[in-house]
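The values are calculated or read from the model by the stated rules, or taken from the named source; none is laboratory data. Quick caveat, the model's predicted, so the values are computed rather than measured. Methodologically, a virtual Cβ is constructed for each residue, glycine included, from the backbone with ideal geometry; neighbour enumeration extends over all protein chains shown.
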């Protein structure tokens, strides 16, 4: 058995003070820093959007964050501009310890489709390369934490299961967007039903 930790989108724009801040999002950073020491393989992901990304409400006349449109043939929530390539908001949180991170995978680079999952875009048309990398490294168990529970963590966990990894989510290292009340709880239920093990950082030995 070989385990890998995936740190999902621990970027400034998702932390309080950022343009798409997740409530209490900064509380996951100490958890990330602590649990990294328990893994021989740690990777991180970054939302890395071009300024003209189709998920940004600012790129659609008369639309606002939270509105729904069609993008790339799929329903798409519109968001505030966030994690624009090269911006401060796209950088990793300054308190995040990256000394254990062996590789960074970027997602959301195609302006015509969003990419919540760390493995694929939302239509599964293109891979980020993360799945292939983990298979090449003979990883059997994937552990995920980061932002946000009800979007990027959830879709990453579901894809990890579909790729054959035994998948675990370190729930105290995650926080949700909660566009609608109950979204985070529903995401946890959906992950469990798909076979994802929901654990606490205290469960890691």
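With the structure loaded, tell me whether residue 80 is free of Cβ contacts under 8 Å to residues at least 40 places away in the same chain and either over 16 Å from residue 116 (Cα atoms) or in contact with a helix residue (DSSP H, G or I) (Cβ under 8 Å, 6 or more places away or on another chain) (or both) or whether it fails that test. When the stated conditions are applied, residue 80 does not pass them. Taking residue 77 as the residue in question, decide whether it is more than 19 Å from residue 12 (Cα to Cα) and surrounded by 14 or more Cβ atoms within 10 Å (Cβ to Cβ). It is true that residue 77 is more than 19 Å from residue 12 (Cα to Cα) and surrounded by 14 or more Cβ atoms within 10 Å (Cβ to Cβ).
Every condition in (1) modelled with pLDDT of 95 or more; (2) part of a loop (DSSP other than H, G, I, E, B) holds for residue 27 except the one numbered (2). Within segment 67-77, can you find the residues that are assigned to a strand (DSSP E or B) and either over 20 Å from the mean Cα position of the chain (by Cα) or without any contact (Cβ under 8 Å) to a residue 24 or more places away in the chain (or both)? Correct list: 68, 69, 70, 75.
Assess whether residue 45 counts as being crowded, with 24+ Cβ neighbours inside 10 Å and either more than 22 Å from residue 115 (Cα to Cα) or under 14 Å from the mean Cα position of the chain (by Cα) (or both). So residue 45 fits the description; yes. I'm told residue 176 meets every condition in (1) touching a residue at least 60 places away in the same chain (Cβ under 8 Å); (2) surrounded by fewer than 21 Cβ atoms within 10 Å (Cβ to Cβ) except one. Can you identify the failing condition by its number? So the condition that residue 176 fails would be (2).
Here residue 62 meets the list (1) more than 30 Å from residue 42 (Cβ to Cβ); (2) within 19 Å of the chain's Cα centre (by Cα); (3) surrounded by fewer than 17 Cβ atoms within 10 Å (Cβ to Cβ) almost entirely, failing just condition (2). Of the helices (runs of 4 or more DSSP H) lying entirely inside segment 117-201, those containing at least 3 residues that are more than 18 Å from residue 45 (Cα to Cα), out of contact with any strand residue (DSSP E or B) (no Cβ under 9 Å at 6 or more places or on another chain) and modelled with pLDDT of 95 or more are 183-193.
One residue stands out among those in segment 97-114 that are within 24 Å of residue 17 (Cβ to Cβ) and under 15 Å from the mean Cα position of the chain (by Cα): the one that is surrounded by the fewest Cβ atoms within 10 Å (Cβ to Cβ), which is 104.
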